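Take a look at the structure set out below.
The values are calculated or read from the model by the stated rules, or taken from the named source; none is laboratory data. No experiment lies behind these values; they were computed from the predicted model shown. Glycine gets a Cβ as well: all are built from the backbone with ideal geometry, and neighbour counts include every protein chain shown.
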């Protein structure tokens, strides 16, 4: 075994706090845990353990359930207040299993029956080390993502955006279901996250699911989970996204794409808070706040029989409409500067875009909205070695469309401008519809729908 493999197999050294009133156990743990590679502080009772927690940070707490004075439950409860990152292991007699389970509900990692084998304790400490390592990795990745993308922020001083922010501030502290409406690329997920981040659930999961991207035959399994053997390929029990989002927020993006059968089951969840895994007969409760979004006209879908009217009423408790970028032209410089911060390291000048570039941006129709603006800014950041960005740094198809819009906006409908952008993107990608959809910031399904509608219109 080489040195790298040897280091990989070694368990992480933990800083352990041990509390038990039996002196022979104190001596045993004080001798054996260092042999396992861990440092240990031994306490004779619960009060001494709490005092140690108040003065030092520990990776793991091992505590006897039955001690005079402060018992194991009391110590675990105090540990979770003083040091939430400390994992707790309960030592219990065989007659106290029910109490040990109560400790697990308080957040204890696991429990062991006394007398326990040192090999069992060592295995449990390895699991604790693995969890701590994973938690640290998640934290580090989250910090890296924040450095790359920045804190999610809704940029804009336009009157319509000020109203959107005011609505979010009003609804966020409640548990009301929110429906966010807006064209593709207007920032619906950003608005949903703002609702979550300003709510009482902000420290709990925010789970996103694109309903239009889920395969129809697997959508129920993704949302509600499944039992092992529920269908071909279900080789193990699996949590659904509702379970993952328990106590937090579930964002159902493009809810208009949900099949009718799934709409019925979603309605039941919203009405009673119960979900049932695929292949399971027993429902169970979840505490999830629902935020939905769509670019589609749900009222029209109800009229055409494609969306349940009762579900539309249920998800539309509080409605927020996001304006398209072409209706908030004055916000473009601020949004573009914010986006440029993602793609450039170091401080930005006050005006990272020259006037000719900003004028071109203001005269463009933005069918892909902010998502398209992000693509344009990234293109310019890659192409230009210095700031400010000029019109020459913008995508070459971008300028002609902006000029065409400034000249003929009064005589051209929005639908025609949209189709011009689509055909231009197809020309740029050599007819590759997937690449064109990505360039425009829309789904492939949406691109096909718009092309089909245009073909029908031309045929008529």
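Scanning the stretch 196-216 for residues that are touching a helix residue (DSSP H, G or I) at 6+ places or on another chain (Cβ under 6 Å) and outside any loop (DSSP other than H, G, I, E, B), we see that the one that is modelled with the lowest pLDDT is 212. Taking the criterion of being crowded, with 20+ Cβ neighbours inside 10 Å, under 19 Å from residue 390 (Cα atoms) and touching a strand residue (DSSP E or B) at 6+ places or on another chain (Cβ under 7 Å), the only residue of the stretch 319-346 that qualifies is 336.
Among the residues of the stretch 273-293, just one is in contact (Cβ under 8 Å) with a residue 40 or more places away in the chain and loosely packed, with under 15 Cβ neighbours inside 10 Å, namely 287.
Let's see how each residue does on (1) without any contact (Cβ under 8 Å) to a residue 24 or more places away in the chain; (2) not in a helix (DSSP H, G or I):
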{"position": "18", "(1), (2)": "no, yes"}
{"position": "21", "(1), (2)": "no, yes"}
{"position": "24", "(1), (2)": "yes, no"}
{"position": "32", "(1), (2)": "no, no"}
{"position": "41", "(1), (2)": "no, yes"}
{"position": "50", "(1), (2)": "no, no"}
{"position": "58", "(1), (2)": "no, yes"}
{"position": "61", "(1), (2)": "no, yes"}
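May I ask you to verify whether residue 392 is modelled with pLDDT under 90, out of contact with any helix residue (DSSP H, G or I) (no Cβ under 6 Å at 6 or more places or on another chain) and within 28 Å of residue 444 (Cβ to Cβ)? So residue 392 fails the test.
Here the condition is being surrounded by fewer than 18 Cβ atoms within 10 Å (Cβ to Cβ), in contact with a strand residue (DSSP E or B) (Cβ under 7 Å, 6 or more places away or on another chain) and not in a loop (DSSP other than H, G, I, E, B); of 250, 270, 190, 179, it holds for 270 alone. For first residues located in the stretch 211-222 and over 15 Å from residue 250 (Cα atoms) and not assigned by TED's automatic domain parsing to the domain that holds residue 294, partners that are in a helix (DSSP H, G or I) and modelled with pLDDT of 85 or more and lie 6+ apart or on another chain with Cβ distances below 9 Å do not occur. Check the stretch 217-237 and report whether any residue there is in a loop (DSSP other than H, G, I, E, B), buried (at least 20 other Cβ atoms within 10 Å of the Cβ) and under 17 Å from the mean Cα position of the chain (by Cα). Within the stretch 217-237 (the criterion being in a loop (DSSP other than H, G, I, E, B), buried (at least 20 other Cβ atoms within 10 Å of the Cβ) and under 17 Å from the mean Cα position of the chain (by Cα)), the answer is no, since none of the residues qualifies. For residue 174, indicate whether it is surrounded by 13 or more Cβ atoms within 10 Å (Cβ to Cβ) and modelled with pLDDT of 95 or more. So residue 174 passes the test.
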